[in-house]
């Protein structure tokens, strides 16, 4: 039997009067490979920090029986020894850390954590800034890792490759599922179907019993009316036959009692709520925004440079109308530079004059005036309020979230709001640079539904393999300073 490396018992942890984690018991065993999922703000990173000892619980105990290393995606790297071979494989620059990009910082921290052996690893969002090669290296390093792994990630492909258990955090509670992310998703879907069947069975039985009770009460009413319509002559004739009247009264009361008994059975039925159904989305395109060019964005011998480095050299391409086009490439190959060139309608581009472009870029979003979330959306969309609410709900804006001031939103909330506004806004071309970064897997799946329902043309830069598989109509790769068509479903 595998030994326990880490154990949590009777844990309670609150933040601003909200119970963040309530864990009777959880254990990490010697060779466990655990992926943690949950909505933004559910407590995934908090649980990792609790396991690492950075946070102390208000109640309960965290017991560590092994040496654990902790990878924090948000922390800046510090100067310490690193395996030169690993640093080379991860293309870590030989320069001062303060000059590193986000991706280079991630690579350095991974090289540092892999440079020594630890019995357990607690890793928080390691692939956020990694390109496809970096993600592949990360998976290879951990595929044959001999120890306990606990991983927080929004990358479903990484989960499918590395984990054999899923911990789902919801409303402060942790539920364990066996298998990788795809297995977990299949189990959740099965639970949803079973809940739907049980709800339908409950509603059917409830309707049957209520109908039976109603019929009993109607029968009792008929007996009452029959007694009320007996003539005086009949009354006199039956005056000496009290047992008959008593019999009728008894019959009436018996039927009423039967009806009450059925109503009690209805009250005692175990209620089953209907599962939450995803609303079918469709983002219609107003006639004023219709583009009739077969290729609304074309490049003719486009050359792009970053300083002295040539990123694209006389590249030609045609992006088709109404399709989701993904642009891939290694870090520094020029993907984001190409998007910026398109946004400023740069040299060598032919863009339809009817193109109205909305953009999501990797940056901190600042809102310049006081508005509620719902008010912000209504002012920037022609869709009705019910559609706006539905889209916001898909991106985890529920209840009082709709009344939040946009200027008080967290970074993650601001990203989700900007994405909602783009799909509901007055645009016919969307340019999205790494839109899945900092979204939880549930919001990424909502974004996939948005893209399937969108009528316009979408350009996306992304390293998220599973996301690309699910949304791309066309895939272009920047290779050897050219834009090469890798997949075309047109």
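Between 361, 434, the distinction of being surrounded by fewer than 18 Cβ atoms within 10 Å (Cβ to Cβ), touching a residue at least 24 places away in the same chain (Cβ under 8 Å) and over 18 Å from residue 38 (Cβ atoms) belongs to 361 only. The sole residue among 110, 86, 122, 74 that is closer than 30 Å to residue 18 by Cβ and outside any loop (DSSP other than H, G, I, E, B) is 122. Scoring residue 73 on the criteria (1) within 26 Å of residue 179 (Cβ to Cβ); (2) at pLDDT 90 or above leaves a single failure, condition (2).
With respect to the conditions (1) in contact with a helix residue (DSSP H, G or I) (Cβ under 7 Å, 6 or more places away or on another chain); (2) surrounded by fewer than 21 Cβ atoms within 10 Å (Cβ to Cβ); (3) under 18 Å from residue 158 (Cβ atoms), residue 126 lacks only one, and its number is (2). Taking the condition closer than 12 Å to residue 114 by Cα and crowded, with 17+ Cβ neighbours inside 10 Å, does residue 62 pass? So residue 62 does not fit the description; no.
Could you check, for the stretch 379-394, whether at least one of its residues is in a strand (DSSP E or B) and assigned by TED's automatic domain parsing to the domain that holds residue 420? No, every residue in the stretch 379-394 fails to be in a strand (DSSP E or B) and assigned by TED's automatic domain parsing to the domain that holds residue 420. Within the stretch 420-438, restricting attention to residues that are under 13 Å from the mean Cα position of the chain (by Cα) and at pLDDT 90 or above, the residue that is farthest from residue 40 (Cα to Cα) is 435.
None of 108, 121, 130 is under 33 Å from the mean Cα position of the chain (by Cα) and under 21 Å from residue 363 (Cβ atoms) except 130.
Counting only residues that are touching a helix residue (DSSP H, G or I) at 6+ places or on another chain (Cβ under 7 Å) and more than 21 Å from residue 480 (Cβ to Cβ), the stretch 290-326 holds 2 of them. Looking across the stretch 180-205, the residues that are more than 22 Å from the chain's Cα centre (by Cα), at pLDDT 80 or above and surrounded by 13 or more Cβ atoms within 10 Å (Cβ to Cβ) come down to 198, 203. When the stretch 344-357 is limited to residues that are buried (at least 16 other Cβ atoms within 10 Å of the Cβ) and out of contact with any helix residue (DSSP H, G or I) (no Cβ under 7 Å at 6 or more places or on another chain), the one that is farthest from residue 294 (Cα to Cα) turns out to be 348. Tallying residues that are assigned to a loop (DSSP other than H, G, I, E, B) and surrounded by 14 or more Cβ atoms within 10 Å (Cβ to Cβ) within the stretch 1-30 yields 1. Take residue 113 and tell me if it is crowded, with 16+ Cβ neighbours inside 10 Å and within 15 Å of residue 89 (Cβ to Cβ). So residue 113 fits the description; yes.
Out of the residues in the stretch 452-484 that are part of a strand (DSSP E or B) and out of contact with any strand residue (DSSP E or B) (no Cβ under 6 Å at 6 or more places or on another chain), state the one that is nearest to residue 125 (Cα to Cα). Only one residue tops the list, namely 478. Going by what's in this entry, would residue 340 be described as out of contact with any strand residue (DSSP E or B) (no Cβ under 6 Å at 6 or more places or on another chain) and over 19 Å from residue 477 (Cβ atoms)? Here the answer is no, as residue 340 does not meet what is asked.
The values are calculated or read from the model by the stated rules, or taken from the named source; none is laboratory data. Predicted, not measured: the structure shown is a model, and the values here were computed from it. Quick reminder, even Gly has a Cβ in these numbers, built from the backbone with ideal geometry, and neighbours come from all protein chains shown.
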